[in-house]
Amino acid sequence: MHAIKDESVPCVTALIVDDSKMIRVTAKKILLKAGYEVVLATDGLDALSKIVEYQPDLIIMDIMMPEIDGYETCTLIKQHREYKRIPVIMLSGNQDKSESAQVESAGFDLCLAKPFKADGLLNAIDSVLEKTKYFK
């Protein structure tokens with residue numbers, strides 16, 4: 001059972017950022033079924049405007065995207081005083097160990113390998129949300 005199923009928990013809005021339509025649609029279906037509200041963005045620039053507009057409770061973001069990649073986007077989010085509290089889960093198809101320093105430097109809260117399964121995604125979300133206001 002995932003934490004979001006708890007009736008006492010307010011509705012959580014997730015921003016899914018990926019240039020792959022298939023990944024966005026798959027993640028959206030999983031999250032809608034689990035009771036999340038979902039906002040979609042196609043790249044880092046789109047994500048930054050959606051953060052301002054929708055004030056998401058968590059962000060699930062690809063690394064390799066056009067315009068601004070996931071590292072730079074996450075760094076910008078984590079440097080902003082109003083948005084730095086938002087947990088950011090990194091999606092990556094590349095599990096290179098040299099990537100870990102860049103992941104930590106950018107401020108990602110958790111990394112999830114692509115392709116992912118529904119339980120893996122929901123468990124990752126539970127893990128980062130446990131550290132936020134929803135479960136205190």
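The values are calculated or read from the model by the stated rules, or taken from the named source; none is laboratory data. Here the structure is a predicted model, which means the values were calculated and not measured. Neighbour counts run over all protein chains shown; Cβ positions are idealised from the backbone, glycine included.
Here are the numbers for this structure:
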{"read-out": "Any hit, the range 81-88, residues being in contact with a Cys (Cβ under 9 Å, 6 or more places away or on another chain) and at pLDDT 90 or above", "value": "yes"}
{"read-out": "Scan of the range 14-33 for residues that are in contact (Cβ under 8 Å) with a residue 60 or more places away in the chain and within 23 Å of ARG85 (Cα to Cα), ordered by number", "value": "ALA14, ASP18, ALA27, LEU31"}
{"read-out": "Top-ranked residue in the range 66-89 [being touching a residue at least 40 places away in the same chain (Cβ under 8 Å) and surrounded by fewer than 17 Cβ atoms within 10 Å (Cβ to Cβ); ranked as nearest to THR13 (Cα to Cα)]", "value": "ARG85"}
{"read-out": "Matching option when the condition is modelled with pLDDT of 95 or more and either touching a Lys or Arg at 6+ places or on another chain (Cβ under 6 Å) or not in a helix (DSSP H, G or I) (or both), among LEU31, LEU40", "value": "LEU40"}
{"read-out": "Of the criteria (1) modelled with pLDDT under 90; (2) assigned to a helix (DSSP H, G or I), which one ASP96 fails", "value": "(2)"}
